[in-house]
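What follows is one structure encoded as structure tokens, with my remarks underneath.
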Amino acid sequence: MPVRSALEAVQDQLHTWLFEKLEQGMAISITHVVWKAQKFIGPDFNNKSFNAKFHATQRWLRRFSYVYRMRTNEATRAPAVVTGEALAFLLATRPLLVGPHRDKRYIFNMDQTPLWFSYHRSKTLQKQGAKTVHVRKSTNDTRRATAALTCTAAGDFLRPMIIFKGTAKGRIVKNELPTFDPTSDYLCQKNSWMDERCMLVWAVECLGSFLLLCPPPAGIVPVILLDSYRCHLMGSVVKAIQDLGVEVIHIPGGCTGLLQPLDVGLNKPFKVRVRASWEEWMMAMIDNHDVVEAPTRDDIASWAASAHWDMDGSPMMRKAWRKTGYSWFEDDEPTDEPTAEPETVVAEGGVIFGDEDDDDEENLEDMQEELDNMMDEEGMAVDIRRMMDEMHVSGVLMDDHDVDEHHEMWTMKVTN
């Protein structure tokens, strides 16, 4: 039986399976559909070469408008459960943010986002047919820092806090951090993560300093939205914030992609700007020295401060609180585009940087690591590893890409 005819014979079953898995929030690749088609069809399909099965499945998917899409929301639970919980929480909590005792200048949201020391891409423009494609990267490309951003519902940023890897009272803190951009606060932590100590410092240095310099008007009670990250829930942290006269509201876990303004519309534009600075610096270094070194902590601090204050007061700052269907303020006009600006940055000289073509090309090592996390009673991992070996030989691996810009590996358990 021809491969195409075999797929058409079970297309109702494949459509049902795809619908169920996508509704459950599973990330599906062409390889998974090939594997499932084998289960439905049997030997007539299994005996074909993987190259034939892969491309036939790819054509079938395109025929029914299945294409690779970047995720718009990520969660550990089914979308229906998350959206239901998010809406219930929003409806119960939204009235707490309005009234004569509230002022949008004193309604805060704080979140952390990673800052990488290298933002090199895994794909680049190149002439068609080129056998080798070179991409330069800086050294120490796995190092990272953490940026703690705080925004207000009025559309302003508080001072950011940047956390580097190091000891709390070590050489970096004593000799380097005092020389960095003075518009940010800096700390060191052994893993460059936000922990209890860092949160307590943030409460005093960022939130407390803001309230000291800009005290709320009489009768106004500040309030802050925090996600359910472990150190945000600690009693010592909550008490430190409440001692400043600020009420604390925790967003349920898994709902931040829908409810947390920084996640909805600000963290990504911030990182796009930092990446643009890195790419401009990288090109200048290659042009001037033809040597690529790692950026310094001072470079990272400078890029983060520039990105942060460039966004401050822009329309996206207010729109992030007004996601369609999940707006924190009923009297405001919601928007489907919390980040309504192009996610590119024009540097000096007119060179355009950004992530309009985020790295999402899958390579052999990515597939191997992904498959190590995919197990099934029926031996799915074993079946797909055999397919992967055939893909490596046939050269079709590069057509099957679904890894996001940070190359995060997802896990999946497929059931009948």
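Each reported figure results from applying straightforward, stated rules to the coordinates on display, with no laboratory input. Just so it is clear, the structure is predicted and the values come from calculations on it, not from any experiment. Counting neighbours? That spans all protein chains shown, and the Cβs are built from the backbone with ideal geometry, glycine included.
Quick look at the numbers
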read-out: 5 angstrom amide H check on Trp116, placed H, neighbours 5+ away; value: Ala145
read-out: Taking segment 212-264 and dividing mean pair separation by its residue count, relative contact order in percent (alpha carbons under 8 Å, at least six apart); value: 37
read-out: Label zone at Asp243 (point 7 Å along Cα-to-Cβ), backbone N below 15 Å, segment 197-226; value: 197-209
read-out: Footprinting exposure proxy for Leu96, Leu213, Leu207, Leu115 (fewest neighbouring C-beta atoms within 10 Å first); value: Leu213, Leu96, Leu207, Leu115
read-out: Rounded if a/c under 1.5, otherwise prolate or oblate - segment 183-224, Cα gyration tensor axes; value: prolate
read-out: Additional length obtainable on full extension of the chain from Asn47 to Leu213, 0.36 nm per residue less Cα span; value: 52.5 nm
read-out: Distance violations [Cα-Cα > 31 Å] among Lys21/Lys53; Lys271/Lys323; Lys190/Lys271; Lys190/Lys239; Lys104/Lys169; value: Lys104/Lys169
read-out: Gyration tensor (alpha-carbon) shape descriptor, segment 192-283, a/c threshold 1.5; value: prolate
read-out: Spacing of the two label points (7 Å from each Cα toward its C-beta) at Thr93 and Thr179, in nm; value: 4.2
read-out: Under Karplus coefficients 6.51, -1.76 and 1.60, residue-wise ³J(HN,Hα) of segment 234-240 in Hz, glycine/proline x; value: 5, x, 5, 6, 4, 5, 4
read-out: Neighbour-limited loop hits for trypsin sites (Lys or Arg not before Pro), segment 196-252 (at most 10 other Cβ within 10 Å; DSSP other than H, G, I, E, B); value: none
